[in-house]
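A short write-up of the structure that comes next.
The values are calculated or read from the model by the stated rules, or taken from the named source; none is laboratory data. Since the model is a prediction, treat every value here as computed from it, not as a measurement. Cβ atoms come from the backbone with ideal geometry, glycine included; neighbour counts cover every protein chain shown. All accessible areas refer to the heavy atoms of the entire protein, side chains included, with ligands and DNA or RNA removed. Shrake-Rupley method; radii C 1.70, N 1.55, O 1.52, S 1.80 Å.
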Amino acid sequence: MRLLPLFLLLLAAAAGGSASDDPFLSGAANHSYNIDCGGAADFTSTFGRRWLADQFFSPGGAAGMVAEPHRFPQPQERTLRFFPPSSAGKSSCYSLPLPPGRYYLRIFSVYDNYDSKARTPSFDVSAAATLVLSFRSPWPEPAARYGAYSDLIFPSATEPASDVCFYSLSTDAPVVASIEVAPVHPLAYDGATTGADLVLVNYGRVTCGNSLFGPGFTKDPDAFARVWQADVDFRNNDLKYDAITAGGRKIFGSNQPPNYFPTKLYESAVTTGGDASNEIEYLMPVDARLSYMVWLHFAEIDAGIGAAGQRVFDVMLAGENVTRIDIFKQVGGFTAFKWTYVVENLTSSTLSVKLVPVVGRPILCGLENYAMVPLEMRTVPSQVAAMKALKESLKIPARMGWNGDPCAPRAWDAWEGVTCHRGDKELVITQLDLASQGLKGFITDEISHLKDLVSLNLSYNSLTGSLPPGLGQPSLVSLDLSSNEFTGSIPGTIGSSKLQTALLNNNQLDGQVPERLYSIGVHGGVIE
């Protein structure tokens, strides 16, 4: 699956204060983080948002700076962190301290020729062990030069941290300039039915008849932290549009849980220009292999509309007439009205969102389009924990890229030296081949949680300590610990009916060979 970060926000210099309901202001106590990737010191932005010096990243990366910092009004947009695969491995991650829940994640990616190579990198991004974004070289020139924001809503199902990972394609170094994450209402965006099973990737979020706004970019609040892009880049420009406003009248029903759609969104709208039979149409880029959750935002902000039936229009998505809207009939005047629909089985890379007049002219305040990306199968949590313990005890070097989920996303290679297979509901680890890697640690007994391990090869390293009892997995067929510096006796747990090869030679082991292990040779297996 190739997902493109299609929500590109060009840098916008904006002045103003902070929004008291900005969820990113709440800080670590509420599991909200703003990370200045590559930044060396904490600071507070002009919008009152606290930014953390670069932290939570996996080893092997390096800090950098865009080539022309004067282009970037925000400090967190000038610095960056890149992960050369030669030192960081194919996969590098930010491991964010997040308890289980749903989170809004925003990533700023920029190249701006920071490495003087004049070539944008290709890499993938995952959240919740699911491929969510793909950057392919060459990037669109505005994104490469000024940067692009991509955002999504994802479920964090693991503790104590959730990983946002970057995967190198070819020899390119993934690059990221900032990461923002904050918890959202568990029922937001139909979370009751989709929250635990889907990542919602933003493929367009626009405010109609207005300019870009949102916390961290302007003084305008959005309690969900969303940024709303001006709609001009998504309009069918063969049609005519007129902008209208609420004229200072109060809007009711906005900024309500669970989605907290901002009042400012409903204070402006577009309607058709010219002939009354004209339509409104937005053309949203999509990946036709996915389904999309479309949200349309309305408010009857024309004081001349005072009764049901005076403004009626049909909504057509991908050429299909899906509903008829009468805003005043639904909620009355100057009141926010939200409508959502899931579009499936697309056949084009452009999703047409069209409003067709029935009575009067159609009107639209805002539009959101989210790709519904199914959560990918992850590795059994106990095996993830065991592998992270082994990473520490074996002193796995950063160049091997043991970061994130050992096996997921499936489109990526598993951790170097690791082989995975599909289990009943999750991925399992079946083979570890770490021979001749210069390892100098020891084997933790946490290895006992790798209950599907068929083959283990740690030969020709400099591992020390005793052999843990946890090496007695019934699934193990081949065990090669030869040519290390292990000491002590051989645990009596090693050996099973499936074990066919056990190589323990060229160590400093003593004592007798356990009966279970000795029987391997008796039955035609190999033991040394």
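Within segment 346-375, the set of residues being open to solvent by 50 Å² or more (accessible area, probe 1.4 Å) and farther than 28 Å from Ile305 by Cβ comprises Thr347, Ser348, Ser349, Thr350, Pro374.
Tell me the residue from Ser393, Ser382 that is touching a Ser or Thr at 6+ places or on another chain (Cβ under 8 Å) and hydroxyl-bearing (Ser, Thr, Tyr), please. None of the other options fit; the residue is Ser393. Scanning segment 46-81 for residues that are within 15 Å of Glu180 (Cα to Cα), outside any loop (DSSP other than H, G, I, E, B) and open to solvent by 30 Å² or more (accessible area, probe 1.4 Å) yields Arg50, Leu52, Phe57, Pro75. Under the condition of being assigned to a loop (DSSP other than H, G, I, E, B) and touching a residue at least 24 places away in the same chain (Cβ under 8 Å), the residues counted in segment 482-512 number 16.
Would you point out the residue of segment 420-445, among those that are over 21 Å from Asn507 (Cβ atoms) and not hydrophobic (A, V, I, L, M, F, W, C), that is surrounded by the fewest Cβ atoms within 10 Å (Cβ to Cβ)?
Within segment 420-445, the match that is surrounded by the fewest Cβ atoms within 10 Å (Cβ to Cβ) is Asp424.
Residues considered: Ala223, Ala196. Of these, the only one that is surrounded by fewer than 20 Cβ atoms within 10 Å (Cβ to Cβ) and under 24 Å from Tyr103 (Cα atoms) is Ala196. Within segment 446-485, the set of residues being open to solvent by 50 Å² or more (accessible area, probe 1.4 Å) and in contact with a helix residue (DSSP H, G or I) (Cβ under 8 Å, 6 or more places away or on another chain) comprises Glu446, His449, Lys451, Asp452, Pro469.
Among the residues of segment 311-332, those identified as over 33 Å from the mean Cα position of the chain (by Cα) and open to solvent by 40 Å² or more (accessible area, probe 1.4 Å) are Arg324, Phe328, Lys329, Gln330, Val331. Can you give me the number of residues within segment 80-95 that are in contact with a Pro (Cβ under 9 Å, 6 or more places away or on another chain), hydrophobic (A, V, I, L, M, F, W, C) and under 17 Å from Trp415 (Cβ atoms)? Matching residues across segment 80-95 total 2. The single condition among (1) closer than 30 Å to Thr193 by Cα; (2) modelled with pLDDT under 95 that Ile107 does not satisfy is (2). Look at (1) open to solvent by 30 Å² or more (accessible area, probe 1.4 Å); (2) at pLDDT below 85; (3) touching a strand residue (DSSP E or B) at 6+ places or on another chain (Cβ under 6 Å) and you find that Ile520 fails only one, number (1). Filtering segment 167-193 to residues that are surrounded by 18 or more Cβ atoms within 10 Å (Cβ to Cβ), within 19 Å of Ser109 (Cβ to Cβ) and β-branched (Val, Ile, Thr) leaves Val175, Val176, Ile179, Val181. Within segment 153-163, none of the residues are on the phi > 0 side of the Ramachandran plot, within 13 Å of the chain's Cα centre (by Cα) and either surrounded by 22 or more Cβ atoms within 10 Å (Cβ to Cβ) or modelled with pLDDT of 95 or more (or both).
Here are Lys264, Lys219: which of them is among the charged types (D, E, K, R) and more than 19 Å from Ala336 (Cβ to Cβ)?
Lys219
Summed over segment 82-131, the residues that are open to solvent by less than 20 Å² (accessible area, probe 1.4 Å), over 23 Å from Gly214 (Cβ atoms) and aliphatic (A, V, I, L, M) give a count of 4. When the residues of segment 56-105 are filtered to those that are in contact with a Ser or Thr (Cβ under 9 Å, 6 or more places away or on another chain) and hydroxyl-bearing (Ser, Thr, Tyr), the one that is farthest from Asp36 (Cα to Cα) is Ser86. Here Gly401 meets each of (1) open to solvent by less than 20 Å² (accessible area, probe 1.4 Å); (2) modelled with pLDDT of 95 or more with one exception, condition (2). Checking segment 393-407 against the condition returns no match, with no residue being in a loop (DSSP other than H, G, I, E, B), closer than 26 Å to Met284 by Cβ and of a type in the set (D, E, K, R).
Among the residues of segment 5-24, none qualifies, meaning not one is modelled with pLDDT of 55 or more, in a loop (DSSP other than H, G, I, E, B) and over 17 Å from Gly214 (Cβ atoms).
I'd like the full set of residues that are open to solvent by less than 50 Å² (accessible area, probe 1.4 Å) and more than 12 Å from Thr335 (Cα to Cα), limited to segment 236-256. Lay out the reasoning, then the answer.
Taking segment 236-256 and keeping what is open to solvent by less than 50 Å² (accessible area, probe 1.4 Å), we get 236, 239, 241, 244, 246, 251, 253-254.
Asn236, Leu239, Tyr241, Ile244, listed by residue number.
Do the conditions hold for Pro409, that is, is it open to solvent by less than 40 Å² (accessible area, probe 1.4 Å), at pLDDT 95 or above and within 24 Å of Leu239 (Cβ to Cβ)? Criteria not met by Pro409.
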